[in-house]
Structures are given as structure tokens and as C-alpha cells.
Amino acid sequence: MKSGTVALLSFALAAAACGDPGPDRIQQVQELADSADQMLITMRTSLTNLGVRQADLRADTAFLYENSGRADLKKITIHFFNPTGTETSVLTADTGTYFIRTGQMEARGNVFVRRSDGATLTTSVLKYDQALNQVSTDQAYTFVEGARQAQGQGFVSDPSFSNIRTQRLRGTGGGFTLPGQ
């Protein structure tokens, strides 16, 4: 063997010995882009119901699949609004899927929601149903409002998080007013 070939083989064996570096991010993006009907850089769309804006959806990258009516999104931000047009909360996440025909969306990875009053919610997955104008998860979550902190396993709420139904709730730092009290 030539010395260049030996050096290249030695480098390849040394690199392989270092362990699996994980998924090749560039290859993943190329594969998604190759199968997508359209790829958009810096996507923005408004979600409305009967002409009233409910949310603004933004993504750094969107891969659109026309046959399924689906958009795979990277680095997403969603601004939610009440019926009078006032922003109620902002969601950020690593990735998401938006089903264009139904208006349903799922945010995944480091999901963080900040309400306009400063309260925050963190979880791994959060779903938004445009027709019902509600958010939900079946995953563990943490909700922080001032000195109060609550954790639970799954909830259903309006996007402003003013009407929450939850399961297995536990928390610290003060009381919560129960409905009808």
C-alpha cells in the first residue's frame, strides 16, 4: 500500500473507534428536502378562523408535502391571539408538524410557552387544534406562574392557559383557585 492510503485507512479506523457521532444532520436535511414537494426558508403564515386571526406560525425551515397536506417545520415560533387580537402567548420549539387541511399542529423538542403575563410552560410535546382553539399534551409538563409551580402529566387548555384541565397535578408556592370558587 502507498503511504497516503495507509494514512487514510488509519484515519478512518481512528474515527470509527471514537464512536457513533450521531445522525448526520446535513444528510437528514438533504433527505427531507429531496422528498418534499417544496422547501421554504423562513416560513410565516397566519392561522385564522372565520376571518379572525388565532395564531401566527413561523419556522426557520419548512418541508411541504402536498399529497398529505403536511408541513414538517424546524425551529418554530407561534404567537397566539385572543378574539380581540391581543397576543396571549408565544410558543417556541425545535421541530413541529403542521397539518394544513385540518389546522392541527404538533410542536416537539424543548417546547416552551410564555404567556403575556410572564407565566411559562415547558414540555416535550404540545399539540394545537385550530378548530377547537386548544392546546394539549399527554406528556409531563411544568407550569410556572410567579412563585407558584405546578407539574402534571397531560393537560388540555385554551392557548392563553386560563382554562386548564390536567391530570396528576402537583405543585408548590401557593394556592390555585378552583373553577366555581
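Tabulated results
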| read-out | value |
| --- | --- |
| Any chance Arg58 is more than 24 Å from Thr166 (Cα to Cα), within 16 Å of the chain's Cα centre (by Cα) and of a type outside the set (A, V, I, L, M, F, W, C) | yes |
| Selection status of Gln130, over 8 Å from the mean Cα position of the chain (by Cα) and surrounded by fewer than 17 Cβ atoms within 10 Å (Cβ to Cβ) | no |
| Members of region 66-103 found to be assigned to a loop (DSSP other than H, G, I, E, B), without any contact (Cβ under 8 Å) to a residue 24 or more places away in the chain and under 17 Å from Val135 (Cβ atoms), listed by number | none |
| Qualifying residue in region 115-129 (condition: assigned to a strand (DSSP E or B) and within 17 Å of Asn49 (Cα to Cα)) | yes |
| Scan of region 140-165 for residues that are surrounded by 15 or more Cβ atoms within 10 Å (Cβ to Cβ) and within 16 Å of Ser124 (Cβ to Cβ), ordered by number | Tyr141, Phe143, Gln151, Gly152, Gly154, Phe155 |
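Readers should treat all values here as calculations from the given coordinates under stated rules, not as data from a laboratory. A quick note: this is a predicted structure, and the numbers were derived from the prediction, not measured. FYI the Cβ positions are ideal-geometry reconstructions off the backbone, even for glycines, and counts take in every protein chain you see.
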